[in-house]
Amino acid sequence: MPLSQAIINITNLRLRTFIGFNQDEREKQQDVVINIEIHYPADRSFQTDDVADALNYKIITKKVIQHVEEGRFLLLEKLVADVLDICREHPSVTLARVTIDKPHALRFADSVSLSLEYRS
């Protein structure tokens, strides 16, 4: 039975990192909120019920956490691109979309966000 693409959503992953180019942003970690969407064909994993045939979102999430928390970024664009690269490492990924919010970046806004997308 052919299936459509499986879609994994990692929602509101809250981390802290150094993000920004202003002096205070370079000295103090800030909150970021990460949302990830990953598409991949799940035909084999649903048939075999074998972890080896599935996309392991826990491994992806751990890599994202480590990279973000240990990193220093001047631009939100760089941070989003790096997270997107981690999400598309698995060869079966057909689409990955990453949005990262930087809460409190603007005085009268809840947050500023940036999104990037990869399609194979």
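The values are calculated or read from the model by the stated rules, or taken from the named source; none is laboratory data. Please read these numbers as outputs of a predicted model, since none were measured by experiment. Using ideal geometry, Cβ is built from the backbone for each residue, glycine included, and neighbour counts are taken over all protein chains shown. Heavy atoms of the whole protein, side chains included, go into the accessibility calculation; ligands, DNA and RNA do not. Shrake-Rupley method; radii C 1.70, N 1.55, O 1.52, S 1.80 Å.
Observations, loosely collected:
- Residues that are open to solvent by less than 30 Å² (accessible area, probe 1.4 Å) and either in contact (Cβ under 8 Å) with a residue 60 or more places away in the chain or aromatic (F, W, Y) (or both) were ranked within the stretch 21-49; the one that is nearest to E89 (Cα to Cα) is Y40.
- Flag if L95 is in contact with a His (Cβ under 8 Å, 6 or more places away or on another chain) and either among the aromatic types (F, W, Y) or more than 21 Å from S115 (Cα to Cα) (or both): no
- When the stretch 95-114 is filtered for residues that are among the basic types (K, R) and over 10 Å from the mean Cα position of the chain (by Cα), the ones remaining, listed by number, are K102, R107.
- Helices (runs of 4 or more DSSP H) wholly inside the stretch 23-120 containing at least 1 residues that are over 27 Å from S4 (Cβ atoms) and among the charged types (D, E, K, R): 23-27, 57-70, 76-87
- Condition broken by Y57, with the remaining ones in (1) of a type in the set (F, W, Y); (2) free of Cβ contacts under 8 Å to residues at least 40 places away in the same chain; (3) open to solvent by 70 Å² or more (accessible area, probe 1.4 Å) satisfied: (2)
- Taking the numbered list (1) of a type in the set (D, E); (2) surrounded by 14 or more Cβ atoms within 10 Å (Cβ to Cβ); (3) within 11 Å of the chain's Cα centre (by Cα) in turn, E117 passes all entries but (2).
- Contact map, the stretch 64-75: residues that are at pLDDT below 95 paired with residues that are open to solvent by 90 Å² or more (accessible area, probe 1.4 Å), Cβ distance under 6 Å, separation 6+ or inter-chain. Pairs shown: L74/F21.
- Scanning the stretch 76-94 for residues that are open to solvent by less than 90 Å² (accessible area, probe 1.4 Å) and either over 13 Å from the mean Cα position of the chain (by Cα) or modelled with pLDDT under 95 (or both) returns H90, S92, V93, T94.
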